[in-house]
């Protein structure tokens, strides 16, 4: 079992969402139904990380839980308005800090109380972070227009590429498939968003706005079948959008607290949703959306990001 132990930090920045509701067409609608039953989550992941924006001294922290949702450690050092987080296949944890950095924490012993590396080149307000199958680090920037997605080799502060959103929006989420295609959630306003694809990766910054209509998107993920899993923040919904990403197949309802960032476990049986405004993490079955439990203990205060280990493999 990995563990991270941290102590201090400083500063606080704003981030997240609010806005008008709208409608999103869907061919299938599934309502998330609360239940007290716990259907096998303890065997489907090893570690859960929750990013608490503004917690503690105001700089934020990352709370770490085992597969029984017991607290195992808390990251504090190196954080400064932490938002989205990610854990890669090797157990490295990444935190996007709105102050303008992404801090990386290697797994292991007490020596990892502090960041093992910090990415900062070309960043203003990172919101989302992920990695691809080769370990390259992708950072999505929000709170600036246009937002950018940057790609770094792991352990290097020299970007491989940096690409702006073609619609001028802010980046709320980023994910990468097995082929290296990069997807980003771009928001221009509380009722005007788009899903953007960079086919083949960020080289050359060739992009396309996907035809599927969305309202105000936050975090995005790809499941192992290549479906985009997208958070609609103001609507309290999770959308499942299959290739070629022109229509919503399923809308999962019942996420009432501004669903902001999400994470799937490795076998895609569970979905963890950080609800920023209600201060909880919702654990739901995937792809049904049936809610298994709600995590709202004192170690989860203002969840702005969530990650699980092991992570899903890059989608086909």
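The values are calculated or read from the model by the stated rules, or taken from the named source; none is laboratory data. Owing to the predicted nature of the structure, the values given are computational and were not obtained by experimental measurement. Methodologically, a virtual Cβ is constructed for each residue, glycine included, from the backbone with ideal geometry; neighbour enumeration extends over all protein chains shown.
Does the stretch 244-257 hold any residues that are crowded, with 23+ Cβ neighbours inside 10 Å and assigned to a loop (DSSP other than H, G, I, E, B), and which are they?
Correct list: 248, 255.
Taking the stated definitions as given, is residue 193 part of a loop (DSSP other than H, G, I, E, B), touching a strand residue (DSSP E or B) at 6+ places or on another chain (Cβ under 9 Å) and at pLDDT below 95?
The answer is no for residue 193.
Across the stretch 99-131, what is the total count of residues that are on the phi < 0 side of the Ramachandran plot and more than 14 Å from the chain's Cα centre (by Cα)?
Total satisfying the criteria: 23.
Would you tally the residues in the stretch 268-288 being modelled with pLDDT under 95 and over 19 Å from residue 51 (Cα atoms)?
0
On the given criteria, is residue 214 touching a strand residue (DSSP E or B) at 6+ places or on another chain (Cβ under 6 Å), crowded, with 20+ Cβ neighbours inside 10 Å and outside any strand (DSSP E or B)? Give the steps one after another, and end with the answer.
Numbers: touching a strand residue (DSSP E or B) at 6+ places or on another chain (Cβ under 6 Å): yes; crowded, with 20+ Cβ neighbours inside 10 Å: yes; outside any strand (DSSP E or B): yes.
Against the criterion (touching a strand residue (DSSP E or B) at 6+ places or on another chain (Cβ under 6 Å), crowded, with 20+ Cβ neighbours inside 10 Å and outside any strand (DSSP E or B)), residue 214 qualifies.
Quick grid of which residues meet (1) crowded, with 24+ Cβ neighbours inside 10 Å; (2) more than 15 Å from the chain's Cα centre (by Cα); (3) without any contact (Cβ under 8 Å) to a residue 12 or more places away in the chain; (4) under 21 Å from residue 316 (Cβ atoms):
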{"site": "142", "(1), (2), (3), (4)": "yes, no, no, no"}
{"site": "153", "(1), (2), (3), (4)": "no, yes, no, no"}
{"site": "159", "(1), (2), (3), (4)": "no, yes, no, no"}
{"site": "181", "(1), (2), (3), (4)": "no, yes, no, yes"}
{"site": "210", "(1), (2), (3), (4)": "no, yes, no, yes"}
{"site": "235", "(1), (2), (3), (4)": "no, yes, no, no"}
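Considering the stretch 301-314 alone, what residues qualify as being more than 16 Å from residue 46 (Cα to Cα) and surrounded by fewer than 23 Cβ atoms within 10 Å (Cβ to Cβ)?
301, 302, 314
Scanning for something touching a helix residue (DSSP H, G or I) at 6+ places or on another chain (Cβ under 7 Å) and at negative phi, does the stretch 286-305 turn up at least one residue?
The answer is yes, given that some residue of the stretch 286-305 is touching a helix residue (DSSP H, G or I) at 6+ places or on another chain (Cβ under 7 Å) and at negative phi.
What's the number of the only condition in (1) under 24 Å from residue 275 (Cβ atoms); (2) at pLDDT below 95 that residue 102 fails to meet?
Going through the list (1) under 24 Å from residue 275 (Cβ atoms); (2) at pLDDT below 95, residue 102 breaks only (2).
Name, by its number, the condition in (1) in contact with a strand residue (DSSP E or B) (Cβ under 6 Å, 6 or more places away or on another chain); (2) assigned to a loop (DSSP other than H, G, I, E, B); (3) modelled with pLDDT under 90 that does not hold for residue 22.
(1)
Can you name the number of the only condition in (1) in a strand (DSSP E or B); (2) within 25 Å of residue 274 (Cα to Cα) that residue 163 fails?
Of everything listed in (1) in a strand (DSSP E or B); (2) within 25 Å of residue 274 (Cα to Cα), residue 163 misses just condition (2).
From the list 219, 204, 200, 173, which residue is assigned to a loop (DSSP other than H, G, I, E, B) and either farther than 21 Å from residue 263 by Cβ or touching a strand residue (DSSP E or B) at 6+ places or on another chain (Cβ under 7 Å) (or both)?
Going through 219, 204, 200, 173 in turn, just one is assigned to a loop (DSSP other than H, G, I, E, B) and either farther than 21 Å from residue 263 by Cβ or touching a strand residue (DSSP E or B) at 6+ places or on another chain (Cβ under 7 Å) (or both): 200.
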